[in-house]
Each structure stands twice: as structure tokens, then as C-alpha cells.
1. Specify which residue in the list P18, F83, F147 is farthest towards the positive end of the charge dipole of the range 1-147, using unit charges on the beta carbon of Lys, Arg (+1) and Asp, Glu (-1), about the Cα centre.
2. When the accessible area of the chain is computed with all protein chains present and a 1.4 Å probe, what percentage of it is carbon and sulfur?
3. Length gain on complete extension for the stretch L189 to M126, per 0.36 nm per residue less the alpha carbon to alpha carbon distance?
4. Given the DSSP H assignment, sum -39500 (n - 2.57) over each helix run of at least 4 residues in the chain and divide by its residue total; what's the result at 222 nm in deg cm²/dmol, nearest 500?
5. I want to verify the translational diffusion coefficient of the range 22-97 in µm²/s; compute it with Stokes-Einstein, Rh as the Kirkwood radius over Cα pairs, at 37 °C and 0.692 mPa s.
6. For L175 paired with V61, estimate the spin-label separation in nm (one decimal), with each label point 7 Å from Cα along the Cα-to-Cβ line.
7. Which residue, chosen from V135, I110, V168, occupies the Cα position most advanced towards the positive end of the dipole of the chain, where the dipole is computed from +1 (Lys, Arg) and -1 (Asp, Glu) charges on Cβ about the Cα centre?
8. State, to one decimal in nm², a quarter of the convex hull surface area for the C-alpha atoms of the range 102-149, i.e. the direction-averaged projected area.
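The values are calculated or read from the model by the stated rules, or taken from the named source; none is laboratory data. Given the structure is predicted, the values throughout are model-derived calculations rather than measurements. All Cβ positions, even for glycine, are placed from backbone atoms using ideal geometry, and neighbour counts span all protein chains on display. These accessible areas exclude ligands, DNA and RNA; they are computed on the full protein's heavy atoms, side chains included. Shrake-Rupley method; radii C 1.70, N 1.55, O 1.52, S 1.80 Å.
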Amino acid sequence: MAGRKINPWLKFGLEFGPLLAFFIAFGRLKARSFSFAGTEYSGFILATALFVPLMVASTLVLWRLTGRLSPMQVATLVLVVVFGGLTIWLNDPRFLKMKVTIIYLMFAGILGLGMALGKSWLALVMEEVLPLTPVGWRILTWRLIAFFLGLAVLNEAIARTMSDQAWVNFKTFGLTVLVFGFFMAQARLFARHAAPKQD
């Protein structure tokens, strides 16, 4: 069932607002540490403690306004709550960083399973906004699988070898630019395999 339409800027704010809030909070708190119940917490942990409830609240508001959530939004929320919660509980930033890797591995795995079954599940999600031929969907799906696997490897490399600030910058801006660039690079595919218009 189709969801209710809302203002695109409001939708953008609800989807990306928590991430921007995390970026701003980390920027302000990264050089500080806080003591609670005898345990020292870094600015990263405090920013995560802000990010998780904001993500839950914004997703619930989005569901309330539109009447639906996509499977990707639900999966992202669950992973944010689980791995963000582990980050706070265990006082270890690695869990929130790991969440990004798991999301992209999960997306690649789901699309790969669909292809193994002879179906492009990507087409089921995007065919209304991006009409392609079956061949076009197969090519795009395989490319997206490879892209998601690459993002998972890149996230792990940055998380394990670079500073928290470098990872936060990558998570907030780098991933968005890479995803946008990927779809821009598919322009020739979209033109070559566009589905014929129907009357």
C-alpha cells in the first residue's frame, strides 16, 4: 500500500537530521570526556547516545506522517538501536562503526539472494521511479551488489585505520557522495535499457 506524501524537505530532515545531529555533537564533544557512575565516556559515545533516540523518534514521526516505512528504513533503525546500544553499553565506538559494514553486507546479500533465485528484488523496490528492461535491472543489480561490497570494505578500512573524526566525516558526507556518484555513473545504463513507455 502506498504511503501518504509529505513535503520532500521534511522527509529529508527526518531521514538525515539524526545523522547531522550526530556529526555536530561529535564535533563539539570529541575533545572531551565525561564521567558517569565511575566510567569515563568519550565524546563519540555521548554523540551516539544522542543519535540513537533521535533516530528512533524521527523514524516514528516519518511512519506517523506517511503511514509506512520501507524495509530499508526498518532494517537501518533496528541496526542503529542494536549497535548504537552496544556502543553505549560497552563504551566502545567500534560497534556503531560496524553497523555501517553490516548494513551494506546485508543489502548486497539480499540482492545477491534475489539474483540467485532469478529475480531482481531491486526492481520491485525501484521500478516505479526508474523503469528499466529486465536486462537493465540485472546489470544494475549486479553493479549495486559490487558497490555495496566495496562500501563495506571501505568502511572497515577507514574505521580500523583512521581517526574517529575521519570515520564520522566519511559516514556523514563520504557515503552520500559515493552513492550519488554511483547512480550518476549509471546514466548510460539508464538510457540504454530504459523500459519503453506505455500508453
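1. My answer, from the dipole projection, is P18.
2. Reported share for carbon and sulfur atoms: 69 percent.
3. 21.2 nm
4. -24000 deg cm²/dmol
5. Value of D from the Cα-based Kirkwood radius: 249 µm²/s.
6. Calculated label separation equals 2.0 nm.
7. Of V135, I110, V168, it is V135.
8. Details: hull surface 12.2 nm².
Value for the range 102-149: 3.0 nm².
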